[in-house]
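Input: a single structure, listed below in structure tokens.
The values are calculated or read from the model by the stated rules, or taken from the named source; none is laboratory data. Computed from a prediction, not measured in an experiment: that's the story for all the values here. When we count neighbours, we look across all protein chains shown, and the Cβ atoms used for this are built from the backbone with ideal geometry, even at glycine.
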Amino acid sequence: MLKELSCAEVMTASRASQAIEMIGKTISDLAILDLNLSGETSEGVADELTRRLIPFMFATGYSDGTGIPERFSKVPVAKKSMSKDSLSHALSTLLVTEQV
């Protein structure tokens, strides 16, 4: 869906350590995190994105955002599974919010 929304480059990571390594090697405009990555949390990834001032959002299958740490309470959360329109809206909102 991200490619269909004209994202120039989309990278995926299935482990937090892989995601953190990718963040260190590339310039990212934004990130979408699932809190649970192959049984481990993506909190460290969110911390690194915060440190680097890279906007991000969580995508979760939990309807109430259960499991998202309090320190990330202001981070946008989108419910999986998203439609292309809802993903487009969430990304636009994230980018506009970060530019203010």
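Filtered by the rule that a residue be more than 13 Å from Ser17 (Cβ to Cβ) and of a type in the set (Val, Ile, Thr), the stretch 28-54 gives Ile32, Thr50, Ile54. Among the residues of the stretch 26-40, the one identified as more than 24 Å from Lys3 (Cβ to Cβ) and either in contact with a helix residue (DSSP H, G or I) (Cβ under 7 Å, 6 or more places away or on another chain) or aliphatic (A, V, I, L, M) (or both) is Glu40. Out of all the residues in the stretch 38-64, which are assigned to a loop (DSSP other than H, G, I, E, B) and either at pLDDT 90 or above or among the small types (Gly, Ala, Ser) (or both)? Selection gives Ser38, Gly39, Ser42, Arg52, Leu53, Ile54, Pro55, Gly61, Ser63. Against the definition (among the hydroxyl-bearing types (Ser, Thr, Tyr), assigned to a helix (DSSP H, G or I), at pLDDT 80 or above and more than 12 Å from the chain's Cα centre (by Cα)), how does Ser92 come out, yes or no? Judged against the criteria, Ser92 is a match.
Number of residues in the stretch 23-40 that are within 21 Å of Ala90 (Cβ to Cβ) and surrounded by fewer than 17 Cβ atoms within 10 Å (Cβ to Cβ): the value is 5.
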